[in-house]
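So the structure is just underneath, and the comments pick up after that.
All of the numbers you see were taken from the coordinates with simple rules; none came from a lab. Quantities reported herein were computed from a predicted structural model and do not represent experimental measurements. Cβ placement follows ideal geometry from the backbone for every residue including glycine, while neighbour counts extend to all protein chains displayed.
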Ligand SMILES: *Cc1c(COP(=O)(O)O)cnc(C)c1O
């Protein structure tokens, strides 16, 4: 699905040197590279504070800890997301309240969010799925109306721009109270191991999150809050600094590949190409087709037989997962999510796809229908 090897080869010289420099410096934890990456990312995103941490799941957890969410508090998010979003809500003893998504963008349906708000609701987690942001203006309005925190799960859309009705833009992840991201290798800004970060413009929240990721201490061995150990290590930070310089160019390469797929599948009766919203640019973490009238696992098998990977993100929505069973929900409760789970198929999408590979993939997708 991704070609990390070819991507690495293009920056190999710089990366190898940076990694060796960190090793020789022996400042493996919280070294100067971590601070430097933090500054670089703050300026790229146009956000006041970036707090690096160990992975995207931890970022979500730390965000909810910093907001002082307590057992019994309800947190609204979608059923059509990677499990981490809901996992941390459950882990902290909070109550996940799942809602349906928009059929075109796969992102949280603002009306469904509004309907799910109760007196116990404290926060909403819009997930910017597959590289495009959720419809943030109505979400921010509804949240403000009810005094709710907005935590953006931006693990899949770093670098995307949200476009306000007045034409102003902001980077995905910097619109809510806190943004969370992941630097897992296959993400749009991936390191060579695990990594993550939180973003906020709020000084108090930033201070608290910095403390929580570091065992709840500001002064060493004085613990003012219950924290966790969640660090981005210096080697990963050094790699991320190099890759961040290429992030816009990586997004362009993904968009170009998407445009070629679009062209080939646009009028196909069995395939619906990914929708583009008016309020977000798309950074194509995934290129996800909606199939109609076919068994997409057969299409997946057909592609697999030609050495073309294709994946179903996500085959089982969270409200139908054993671990998240909740008597309040059952099959049929989130019709859009369930329909998508039955129809989506993601094709290879990364920064190194060339014309020949794209045409090979396209030919094999089309031949399945012949
Ligand atoms: C990858 C991902 C996460 C978790 O990130 P990790 O770094 O793997 O912990 C959370 N939410 C979404 C939507 C993701 O895609």
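Observations on the structure shown:
- One Cα centroid belongs to segment 296-325, the other to segment 207-241; the line between them spans 36 Å.
- Gain on full stretching of the segment that runs from residue 267 to residue 311 - 0.36 nm per residue minus C-alpha separation: 13.6 nm
- With R₀ fixed at 56 Å, the C-beta to C-beta distance from residue 111 to residue 24 puts the FRET efficiency at about 0.50.
- Virtual paramagnetic centre 7 Å along Cα→Cβ of residue 14, amide N under 13 Å, in segment 214-247: 238-247
- Euclidean distance between Cα centres, segment 131-170 to segment 5-73, Å: 22
- Most mobile of 323, 123, 59 in a GNM of the chain (Cα contacts under 10 Å): 323
- 60, 366, 165, 358 arranged by Cβ crowding within 10 Å, fewest neighbours leading: 165, 366, 358, 60
- For segment 248-367, average projected area of the Cα convex hull in nm²: 9.1
- Restricting attention to the chain, close to 65% of DSSP beta bridges with both partner residues there are antiparallel.
- Mean separation of Cα contacts under 8 Å, 6 or more apart, over the residue count of segment 248-367: relative contact order %: 35
- Based on C-alpha pairs under 8 angstrom that are at least 6 apart in sequence, the chain has a relative contact order of 21 percent.
- Segment residue 201-residue 295, extension gain: residue separation times 0.36 nm, minus the distance between their alpha carbons: 29.2 nm
- Take every Cα pair under 8 Å whose residues are at least 6 apart in sequence, average their separation, divide by the length of segment 130-225, and the relative contact order is 19 percent.
- Kirkwood Rh and Cα Rg combined as Rg over Rh, evaluated for the chain: 0.97
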